[in-house]
Amino acid sequence: MNEFEHIPVLFKETIDSLNIRPDGIYCDGTAGGGNHSFAIGSKLSEKGRLLCTDRDMDAVNECNRKLSPLSCGVEIFHTTYTSIPEILTEKGIKADGLLLDLGVSSHQLDEAERGFSYMQDAPLDMRMNREDSLTAADVVNGYGEEELAKIFFEYGEERYSRQIASKICKIRANERIETTLQLSDIIKSAMPAKALREAQHPAKRVFQALRIEVNSELTQVETLLENIFPVMNSGGRISIITFHSLEDRIVKLAFAKAEKPCTCPPSFPVCVCGKVSKGKVITRKPIVPSQEELEMNPRSRSAKLRVFEIV
């Protein structure tokens, strides 16, 4: 395996946002190549604890290598970040900080065999955890035309979602669609000439939509945010980097609801619903990459960091 590479986005801003205490307990839910994890662990003393999760076994292996010099307690789990509340509960501890970087790693995008890229030919896979059963090929060849169009439009914001879904269904009636370049060519053939002249690759939005569907990315975020607050210590921070408008909306709304959960009508003079605030939103507006970072790492352009502090 090539070394697991990933260029962390908003790196300093994210680490600073966690307000790390040397003896605290911190979770990196998307450990990836271990860059964020190592930065967190480097700020911890021997009394501190670092819990890392990632559903990509390549990432877990790289984390085991990269984090071995740390003096704090380190535990690495091959699982999704939705397991963090359960892990903390089973250990009888609460976290002082949680980091999620919801971007796809450069390693996953650039390693052709993973099937994430529309630039290199490979089997249509896109599974972040290669032990999962559903692949992009299963979605492309098995979902109905309406369902495909909906995924392409909602997850990829693809303007030509219906035309592309229709073309896919016509092609697969005669042959199974198995590879990334095969699908890319089908997408391009379904789009008008003006769309093919855009700076962005014509297949980008559909490939993004398929990746989100295959890995249940939006459901994962929702599940984590429904369960994480009770297993966080007072003063703890939740820092989440998103790269997609739907992800960002989920995080923004969850943080807002956690800060002001009251469901009483505005006309009520006092709250009677009994719902208590879980903390406060630190980032009224999301933190975004600087111009310098955008120039160094163009993949950071859609990144947004939101931070919440537990009361």
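The values are calculated or read from the model by the stated rules, or taken from the named source; none is laboratory data. Nothing here was measured: the structure is a model prediction, and the numbers come from that model. Neighbour counts run over all protein chains shown; Cβ positions are idealised from the backbone, glycine included. SASA here: full protein model, heavy atoms, side chains in, ligands and nucleic acids out. Shrake-Rupley method; radii C 1.70, N 1.55, O 1.52, S 1.80 Å.
Could you list all residues from the stretch 31-64 that are part of a helix (DSSP H, G or I), in contact (Cβ under 8 Å) with a residue 24 or more places away in the chain and over 22 Å from D16 (Cα atoms)?
Answer for the stretch 31-64, where residues must be part of a helix (DSSP H, G or I), in contact (Cβ under 8 Å) with a residue 24 or more places away in the chain and over 22 Å from D16 (Cα atoms): M57, D58, A59, V60, N61, E62.
Of all residues in the stretch 180-203, how many are under 17 Å from M126 (Cβ atoms) and assigned to a helix (DSSP H, G or I)?
Qualifying residue count for the region: 7.
Search the stretch 13-24 for residues that are at positive phi and pair each with any residue that is open to solvent by 10 Å² or more (accessible area, probe 1.4 Å) and not in a loop (DSSP other than H, G, I, E, B) when their beta-carbon atoms are under 6 Å apart and the residues are at least 6 apart or on different chains.
N19/R237
Would you please list the contacts, defined by Cβ atoms under 7 Å and residues six or more apart or on different chains, that run from a residue in the stretch 164-184 that is among the charged types (D, E, K, R) to a residue that is part of a helix (DSSP H, G or I)?
That search, which allows pairs on different chains as well, returns K167/I186; K167/S189; K167/A190; R172/N141; R176/N141; E178/A137.
Would you mind finding the one in T30, T82, T89 that is surrounded by fewer than 22 Cβ atoms within 10 Å (Cβ to Cβ) and within 19 Å of the chain's Cα centre (by Cα)?
None of the others qualify; the one that does is T82.
Any idea which residue in the stretch 45-62 is farthest from I238 (Cα to Cα), counting only those that are open to solvent by 10 Å² or more (accessible area, probe 1.4 Å) and more than 19 Å from the chain's Cα centre (by Cα)?
Checking each candidate, the answer is N61.
For the stretch 208-231, does any single residue satisfy the condition of being crowded, with 21+ Cβ neighbours inside 10 Å, over 14 Å from L100 (Cβ atoms) and of a type in the set (D, E, K, R)?
Yes, the conditions are met somewhere in the stretch 208-231.
Regarding the stretch 252-260, can at least one residue be identified that is touching a residue at least 12 places away in the same chain (Cβ under 8 Å), in a loop (DSSP other than H, G, I, E, B) and either surrounded by 14 or more Cβ atoms within 10 Å (Cβ to Cβ) or not small (G, A, S) (or both)? Write out each step before concluding.
Initial filter on the stretch 252-260 (touching a residue at least 12 places away in the same chain (Cβ under 8 Å)): 252, 254-256, 258-260.
Then drop every residue that is not in a loop (DSSP other than H, G, I, E, B), which leaves 260.
With either surrounded by 14 or more Cβ atoms within 10 Å (Cβ to Cβ) or not small (G, A, S) (or both) added as a condition, the list becomes 260.
Yes, the stretch 252-260 contains a residue that is touching a residue at least 12 places away in the same chain (Cβ under 8 Å), in a loop (DSSP other than H, G, I, E, B) and either surrounded by 14 or more Cβ atoms within 10 Å (Cβ to Cβ) or not small (G, A, S) (or both).
Return the pairs, sorted by first residue and then second, in which the second residue is open to solvent by 10 Å² or more (accessible area, probe 1.4 Å) and modelled with pLDDT of 95 or more, the first residue lies in the stretch 200-225 and is under 12 Å from K188 (Cα atoms), the beta carbons are less than 6 Å apart, and the residues are 6+ apart or on different chains.
Qualifying pairs under 6 Å: P202/K188; P202/M191.
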